[in-house]
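The values are calculated or read from the model by the stated rules, or taken from the named source; none is laboratory data. Because the structure is a prediction, the values reported are computed rather than measured. Cβ placement follows ideal geometry from the backbone for every residue including glycine, while neighbour counts extend to all protein chains displayed. Ligands, DNA and RNA are excluded from the accessible area calculation, which covers all protein heavy atoms including side chains. Shrake-Rupley method; radii C 1.70, N 1.55, O 1.52, S 1.80 Å.
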Amino acid sequence: MGAAAGTSRGTSATTALLTCAMAFSMMQLFLLGALGPRLVDELDVSPTVLGLTTTIGFGAAAVLSPVGGRVVDRVGPRRCLVALLLVSAMALALIGSAPGVGLLLAAVALGGLPQALANPATNKAILATVPPRRRGSVTGMKQSGVQLGAFAAGLPLAALAGVAGWRGAVWTAAGAAAGAALWAARGLPADPPPVAAGPRSSLVPRGAIAWLAVFSLLLGCGIASVNTYLALYGAQRLGLGPTAAGALVAVLGVAGVAGRVGWSKVAGDAGRAVWLPGGLAAGSVAAALLLAGASFVHPLAWVAAVAVGVFAVAANAVSMVLVMQRAAPGRAGQDSALVSAGFFAGFAVGPPLFGLLAESGHYGPGWVLVAGEFAGACAVAVCWAVRDRREARA
């Protein structure tokens, strides 16, 4: 009983650490969004350039992810998690010191490296330290770290910026990331010796990983569009004040935490997991259509925000559970990275496409576009699930 309690405590500590790592991996983008008005005023950053930070950050992450996954498989999760947190601290410190747009964008590009390492390193750490029966729930919890990071940027750190200035808030986040790096160095088990470089494995995803990468690309396009434009939609078309429009995003985030934890636990059953992405993507289509309908029945926006969190945001966590279940031996890091690269590419592509419609006030067609992206993800997921079950019976 004592050994079981010790294992449980160890798993809880690991879960907390991995959740922090996921939060810090994207903290620079969350803070730029939350502190955007202050940056526009003080650094003379145009709204267009501020929007470019998302494309640059996720674009860099998509490009770096395949290489990052290979590095994780070679050197081990603890080393990569420490590096992730230290580079996050550096990127945040550079943002806090930026005198103008050039260094700001360079810091955002540097922040693509922690994003590229996050899923491969945390997934690999789960496989190394968490008992199989708990991997689904731990994966859901650590994936919720992304939403918790957004919450931290949008509430306590934004409030601190009102007292200490936006640079003080960003430097505080940098110091916290450095502290988390020390925690990772001390709290995670030592990595095995680095694996010598062998024959280069393909960077082209295959089998289940290829299906999940395409699914994640389409899912990321839709989620990024909702994240970027939901509050603006609430303010411009639904008549919400700034606080209420921001609350729409907060509701989505809280629902996303609950959805990721709950559905990832269900995905721990491999038999059920194969059907979950298609079902969650179908729920996401309904959520996007509810957003379109909110133009006529405004309260539907709140229902839609909850549905996007419960279905679309949760689907990404379920895909990570599936990666760990389906990854080839020794390739969990790289396979996680290839699926993440698809997701990040979707985040880089989706908002500019939606923005072309939003600029002319055509939010309805924009949400229909998002519904189409989710429907494409649903089709990919269902086709893969049917094919996978057929191969399993053969």
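Can you tell which of Gly175, Gly136, Gly149 is of a type outside the set (D, E, K, R) and either touching a Cys at 6+ places or on another chain (Cβ under 7 Å) or farther than 29 Å from Val306 by Cα (or both)?
Going through Gly175, Gly136, Gly149 in turn, just one is of a type outside the set (D, E, K, R) and either touching a Cys at 6+ places or on another chain (Cβ under 7 Å) or farther than 29 Å from Val306 by Cα (or both): Gly175.
What pairs can you find where one residue is in segment 267-291 and among the basic types (Lys, Arg), the other is surrounded by fewer than 22 Cβ atoms within 10 Å (Cβ to Cβ) and in a helix (DSSP H, G or I), and their Cβ atoms are less than 8 Å apart, with a gap of 6+ or different chains?
Hits for this filter: Arg272/Val266.
Only one of Leu369, Leu338 is farther than 22 Å from Gly246 by Cβ, open to solvent by less than 20 Å² (accessible area, probe 1.4 Å) and either assigned to a helix (DSSP H, G or I) or free of Cβ contacts under 8 Å to residues at least 12 places away in the same chain (or both). Can you tell me which?
Of Leu369, Leu338, the one residue that is farther than 22 Å from Gly246 by Cβ, open to solvent by less than 20 Å² (accessible area, probe 1.4 Å) and either assigned to a helix (DSSP H, G or I) or free of Cβ contacts under 8 Å to residues at least 12 places away in the same chain (or both) is Leu338.
With touching a residue at least 24 places away in the same chain (Cβ under 8 Å), under 13 Å from Phe215 (Cβ atoms), surrounded by 24 or more Cβ atoms within 10 Å (Cβ to Cβ) and of a type outside the set (A, V, I, L, M) as the only criterion, which of Gly376, Gly350, Gly333, Gly346 stands out?
Exactly one residue qualifies, and that residue is Gly346.
Let me confirm something: among Ala381, Ala392, which residue is assigned to a helix (DSSP H, G or I), aliphatic (A, V, I, L, M) and in contact (Cβ under 8 Å) with a residue 12 or more places away in the chain?
After ruling out the rest, the residue left standing is Ala381.
Looking at Val251, Val261 in this structure, which one is in a helix (DSSP H, G or I), surrounded by fewer than 21 Cβ atoms within 10 Å (Cβ to Cβ) and touching a Ser or Thr at 6+ places or on another chain (Cβ under 8 Å)?
The match here is Val261.
Could you tell me which of the residues Thr54, Thr15 is β-branched (Val, Ile, Thr) and either modelled with pLDDT of 95 or more or over 28 Å from Gly162 (Cβ atoms) (or both)?
Thr15
Restricting the search to segment 34-55, which residues are in a helix (DSSP H, G or I) and either in contact with a strand residue (DSSP E or B) (Cβ under 7 Å, 6 or more places away or on another chain) or surrounded by 20 or more Cβ atoms within 10 Å (Cβ to Cβ) (or both)?
Ala34, Leu39, Thr53, Thr54 - these are the residues of segment 34-55 that are in a helix (DSSP H, G or I) and either in contact with a strand residue (DSSP E or B) (Cβ under 7 Å, 6 or more places away or on another chain) or surrounded by 20 or more Cβ atoms within 10 Å (Cβ to Cβ) (or both).
Looking only at residues in segment 300-330 that are among the β-branched types (Val, Ile, Thr) and surrounded by fewer than 24 Cβ atoms within 10 Å (Cβ to Cβ), which one is nearest to Val380 (Cα to Cα)?
Looking at residues that are among the β-branched types (Val, Ile, Thr) and surrounded by fewer than 24 Cβ atoms within 10 Å (Cβ to Cβ), I get Val310.
Name, by its number, the condition in (1) free of Cβ contacts under 8 Å to residues at least 40 places away in the same chain; (2) closer than 23 Å to Leu148 by Cβ; (3) open to solvent by 10 Å² or more (accessible area, probe 1.4 Å) that does not hold for Val297.
Unmet condition: (2).
Return the pairs, sorted by first residue and then second, in which the second residue is outside any helix (DSSP H, G or I) and open to solvent by 50 Å² or more (accessible area, probe 1.4 Å), the first residue lies in segment 53-68 and is in contact (Cβ under 8 Å) with a residue 24 or more places away in the chain and within 13 Å of Ser340 (Cα to Cα), the beta carbons are less than 9 Å apart, and the residues are 6+ apart or on different chains.
Listed pairs, sorted by first residue: Pro66/Leu203; Val67/Leu203.
Filter segment 185-214 for residues that are among the small types (Gly, Ala, Ser) and farther than 30 Å from Gly346 by Cα; which is modelled with the highest pLDDT?
Checked segment 185-214; the qualifying residue modelled with the highest pLDDT is Ala185.
Just wondering, is there one or more residues in segment 347-368 that are of a type in the set (Asp, Glu) and under 24 Å from Gly262 (Cα atoms)?
No, there is no match, as no residue in segment 347-368 is of a type in the set (Asp, Glu) and under 24 Å from Gly262 (Cα atoms).
Could you check, for segment 354-362, whether at least one of its residues is aliphatic (A, V, I, L, M), open to solvent by less than 30 Å² (accessible area, probe 1.4 Å) and within 25 Å of Pro120 (Cβ to Cβ)?
no
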